1. Residue by residue through segment 168-217, note down the ones that are among the acidic types (D, E) and not in a strand (DSSP E or B).
2. Step by step: first the residues of segment 259-274, then only those that are within 16 Å of the chain's Cα centre (by Cα), in a helix (DSSP H, G or I) and buried (at least 24 other Cβ atoms within 10 Å of the Cβ), then the one that is nearest to ligand 1 (Cβ to nearest atom). Which residue is that?
3. Do we have A243 as away from ligand 1 (no atom under 16 Å from the Cβ), more than 25 Å from K157 (Cα to Cα) and among the aliphatic types (A, V, I, L, M) here?
4. When you check S81 against the structure, is it in a strand (DSSP E or B) and within 15 Å of ligand 2 (Cβ to nearest atom), yes or no?
5. From F68, F122, grab the single residue that is under 19 Å from L236 (Cβ atoms) and either in a loop (DSSP other than H, G, I, E, B) or modelled with pLDDT of 95 or more (or both).
6. Going through segment 139-194 one residue at a time, which ones are over 28 Å from A95 (Cβ atoms) and either basic (K, R) or in contact with a Cys (Cβ under 8 Å, 6 or more places away or on another chain) (or both)?
7. Show me the strands (runs of 3 or more DSSP E) entirely contained within segment 275-379 in which 1 or more residues are more than 16 Å from ligand 2 (Cβ to nearest atom) and within 15 Å of the chain's Cα centre (by Cα).
8. As an exercise: evaluate I116 against (1) hydrophobic (A, V, I, L, M, F, W, C); (2) in contact with an Asp or Glu (Cβ under 7 Å, 6 or more places away or on another chain); (3) within 17 Å of V258 (Cα to Cα) and give the number of the one condition it does not meet.
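The values are calculated or read from the model by the stated rules, or taken from the named source; none is laboratory data. No experiment lies behind these values; they were computed from the predicted model shown. When we count neighbours, we look across all protein chains shown, and the Cβ atoms used for this are built from the backbone with ideal geometry, even at glycine.
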Amino acid sequence: MKKIAAFISLGLILFIVTSFVNSSKEERETPKDKSPKNIIILIGDGMGISQMSSAYYFQENENQEPNFSRFPIVGLSRTSSAKEKITDSAAGATAISCGKKSYNTAIAVDVDKKPIETILEFLGKKEFTTGLISTSSITHATPASFFAHAKSRHMAKEIAAQMPESEVDFFAGGGLEYFLDKDEKIDIISHLKKNGFITNVENLIAPEQLEKGNKYGFLLAKDAMPKMSKGRGDFLSDATDLALNYFDMHDRPFFMMVEGSQIDWGGHANDADYLIKETLDFDKMIGLVLDYAEKDGNTLVIVTADHETGGFTLAAKEKKIPFRGTQRDYKEIGPRFSTGGHSAAMVPVLAYGPGAEIFSGIYQNTEIHAKIMKLLKVQ
Ligand code: MG
Ligand code: ZN
């Protein structure tokens, strides 16, 4: 009896000592009350767990670990919209940017179609420098939900028309036809210039060419940027790097959203190769952002998705064997899809930086906004 009691108390002491050591170690690494200065949200449109997992199996260099692995904190986001179990990108991005669930196709408006202030607008008014980067048109549902308000995502021209007066300081993506169309007498480019933007419709500029005080708008494709497989190259990483250089010129905090838009389109097309190449490009850009955040120490980086697309699965490859039917080869992956649309599966939330630990757990997509606001301690 005495022996057992001694054992138990020894165990208890060990438990207390180890938990004390653990907690003080954690506290040293991430001070609990430290709030981030800068916020970077990276959205992989349609990037569910399987899409993210594909980066672990289809890396060009097999020994290379995806940048997803560099996040210490992982959570899961529930993506249903206010009216639909399965969200679209508009309601998904609105939930993240405004902290409110709305109906599918809503661009930063509530269920009554009234505009809701986005996090970019809120922080822009608080002297944050802001940026938006996308591999789709910059007027597309995901980026639009951060700077514009529209009853429907399909109102691309109305969305574009809101850019000049918006709180955006730097943007890069496609969508030129919604800003400049001689036939329809649309010229939002001139309007952008009047509002202090330097615009470029040919290419990104070198970081050395940036000038403090200017705003920048890069519209490098008529509609969406090309697919990776059609020569988009390093646009996503280069634009992100340029934006970070731009932010560094200003002694102010910044907010940026970068979207890997076409992971979703690979899912819609049930084209695994398309989806995987887009996911790897997104992961590459994440590496650059994490390098920045590690050096800076004051930047919170959140990676998430608006929803999953395609019901994508990394199933075993199936092979037809004569007279023996179909056999599964567990040594090889044969990616498959269950739908040409979106699914209601939870999506990952990865967090790095001051306050990251509050992003662990399972919660609604609107909580991402609430958690960032809580950390920023701004009213
Ligand atoms: Mg999108
Ligand atoms: Zn989609």
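1. Taking segment 168-217 first, the residues among the acidic types (D, E) are 169, 177, 181, 183-184, 187, 202, 208, 211.
Of everything in segment 168-217, those that are among the acidic types (D, E) and not in a strand (DSSP E or B) turn out to be D169, E177, D183, E184, E202, E208, E211.
2. Initial filter on segment 259-274 (within 16 Å of the chain's Cα centre (by Cα)): 259-265.
Restricting the remaining residues to those that are in a helix (DSSP H, G or I) gives 263-265.
Narrowing further to those that are buried (at least 24 other Cβ atoms within 10 Å of the Cβ): 263-264.
Details: I263: 9, D264: 6 Å.
For segment 259-274, the residue satisfying everything is D264.
3. Details: away from ligand 1 (no atom under 16 Å from the Cβ): yes; more than 25 Å from K157 (Cα to Cα): no; among the aliphatic types (A, V, I, L, M): yes.
No, not satisfied.
4. Values: in a strand (DSSP E or B): no; within 15 Å of ligand 2 (Cβ to nearest atom): yes.
Criteria not met by S81.
5. Numbers: F122 fails: under 19 Å from L236 (Cβ atoms).
That would be F68, the only listed residue that is under 19 Å from L236 (Cβ atoms) and either in a loop (DSSP other than H, G, I, E, B) or modelled with pLDDT of 95 or more (or both).
6. Hits for segment 139-194 are K182, K185, K193, K194.
7. Working: elements: 299-304, 316-321, 325-333, 347-352, 361-364.
Here the list reads 299-304, 347-352.
8. Just one mismatch for I116, condition (3).
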